[in-house]
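S.K.: Okay, here's the structure, questions in a sec.
The values are calculated or read from the model by the stated rules, or taken from the named source; none is laboratory data. Given the structure is predicted, the values throughout are model-derived calculations rather than measurements. Here the Cβ positions follow ideal geometry from the backbone for every residue, glycine too, while neighbour counts run over all protein chains shown. Surface areas here come from the heavy atoms of the whole protein model, side chains and all, with no ligands, DNA or RNA. Shrake-Rupley method; radii C 1.70, N 1.55, O 1.52, S 1.80 Å.
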Amino acid sequence: MIKYLTKRLLFMALSLWLIITATFFFMRMAPGNPFTSEKKMPPAIEANLNAHYGLDQPWYAQYGDYLLRVVQWNFGPSFKYKSQTVNQLINEGFPVSLVLGVEAIFIALAIGVTLGVIAALRHNKWQDYLAMIVAVLGISVPSFIMAAFLQYIFAMKLGIFPVARWGTFMQSVLPAIALAAGPTAFIARLTRSSMLEVLSNDYIKTAKAKGISGFNITVKHAIRNAILPVVSYMGPLSAGIVTGSFVIEKIFGIPGLGSQFVKSINNRDYTAIMGVTVFYSIILLVSVLLVDILYGLIDPRIKLSGGKKGE
């Protein structure tokens, strides 16, 4: 385990360095600068701003300074929000996106796995067809359409939930459902496909021949093996959801990290773009690592050291 974690942490450090480097130089190659606006800025003022933020330094000096600040977990000041640093923007936006993302993940897992299991157990029956219709709708309908539909039905017509804003649990329900719709559908289809494959294996047939109840076979044997593809999907899904969805956050007026990221792009806020990108990359790399470890816990036959299943 220690050897495996050491190798993975070194791989993560290398990946993160490549991401930081690519992001830094892409930002420098982008046309314009952080102080570009519709009204042209006097050259003297722009020169002073460049000197203040160190943008008048050679690229290698800026690159080295940025790497040092990232190691110190200091992404620097925001170019557009003069009184705030990028760390403050992340600290304000991420907890909101995290709460919303965790709710959406629980909804997606609970409903998606349940639909997939029911569809597999009732293969080619009306339950299977109904579950797959729901899954297709979840994948086909864009998130902003789903969000508008939920607002119209459950907020405007029925008055059960607030239309928008953020601060209470009731205000988080509709955006969490809208955010979870796509992943729920994908998890349902993934679970169904995996369950059908597992249920056709010989050890399932043997368990049935021994008289083991269908419930025990499903819970103790089938689901545990069928859930592995879903676990793989949960790594990138978790990273994407907990770092915010601009569309959902915009529609529901949620001050999350996703909206902060898009604002930074529109404002050419280079430090904010790079800081949020690095933060997202760290979340993604950690999520993938946790998924790999979880694989070994779910199925002991999978060796973390790189051995193949069953060795």
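S.K.: Determine whether ILE204 is over 30 Å from LEU98 (Cα atoms), among the β-branched types (Val, Ile, Thr) and not in a helix (DSSP H, G or I).
M.R.: So ILE204 does not fit the description; no.
S.K.: Let me ask something else. Please give the number of the condition GLY211 fails out of (1) of a type outside the set (Ser, Thr, Tyr); (2) open to solvent by 50 Å² or more (accessible area, probe 1.4 Å); (3) part of a helix (DSSP H, G or I); (4) free of Cβ contacts under 8 Å to residues at least 40 places away in the same chain.
M.R.: Condition not satisfied by GLY211: (3).
S.K.: Could I ask something else about it? Go through segment 105-140 residue by residue and tally those that are open to solvent by 50 Å² or more (accessible area, probe 1.4 Å) and hydrophobic (A, V, I, L, M, F, W, C).
M.R.: Matching residues across segment 105-140 total 13.
S.K.: How many residues does segment 219-239 hold that are open to solvent by 30 Å² or more (accessible area, probe 1.4 Å) and in a helix (DSSP H, G or I)?
M.R.: 10
S.K.: Then there is this: Which residues, counting only those in segment 262-311, are among the hydrophobic types (A, V, I, L, M, F, W, C), open to solvent by 80 Å² or more (accessible area, probe 1.4 Å) and at pLDDT below 75?
M.R.: Within segment 262-311, LEU297 is the sole residue that qualifies.
S.K.: Next question. In the set LEU130, LEU158, LEU150, which member is over 16 Å from VAL99 (Cβ atoms) and touching a residue at least 12 places away in the same chain (Cβ under 8 Å)?
M.R.: LEU150
S.K.: Let me ask something else. Go through segment 143-163 and give me each residue that's of a type in the set (Ser, Thr, Tyr) and open to solvent by 70 Å² or more (accessible area, probe 1.4 Å).
M.R.: Once the filter is applied, which keeps residues that are of a type in the set (Ser, Thr, Tyr) and open to solvent by 70 Å² or more (accessible area, probe 1.4 Å), segment 143-163 yields only TYR152.
S.K.: What is the one condition in (1) open to solvent by less than 50 Å² (accessible area, probe 1.4 Å); (2) closer than 24 Å to SER238 by Cβ; (3) not small (Gly, Ala, Ser) that TRP166 does not satisfy?
M.R.: In the conditions (1) open to solvent by less than 50 Å² (accessible area, probe 1.4 Å); (2) closer than 24 Å to SER238 by Cβ; (3) not small (Gly, Ala, Ser), TRP166 misses (1) alone.
S.K.: Could I ask something else about it? Based on this model, can you work out whether ALA185 counts as open to solvent by 60 Å² or more (accessible area, probe 1.4 Å) and over 29 Å from GLU92 (Cβ atoms)?
M.R.: No: the conditions fail for ALA185.
S.K.: Among the numbered criteria (1) at pLDDT 80 or above; (2) open to solvent by 50 Å² or more (accessible area, probe 1.4 Å); (3) closer than 27 Å to TYR4 by Cβ, which one does LYS250 miss?
M.R.: Exception for LYS250: condition (3).
S.K.: Can you tell me which residues in segment 240-257 are assigned to a helix (DSSP H, G or I) and under 16 Å from the mean Cα position of the chain (by Cα)?
M.R.: The answer is GLY240, ILE241, VAL242, PHE246, VAL247, ILE248, GLU249, LEU257.
S.K.: Considering only residues that are hydrophobic (A, V, I, L, M, F, W, C), without any contact (Cβ under 8 Å) to a residue 40 or more places away in the chain and either open to solvent by less than 60 Å² (accessible area, probe 1.4 Å) or in contact with a Gly (Cβ under 8 Å, 6 or more places away or on another chain) (or both), which ones fall in segment 57-96?
M.R.: Result: ALA61, single match.
S.K.: So, in segment 258-283, how many residues would count as being more than 19 Å from the chain's Cα centre (by Cα) and either under 18 Å from GLN62 (Cα atoms) or of a type in the set (Phe, Trp, Tyr) (or both)?
M.R.: 4
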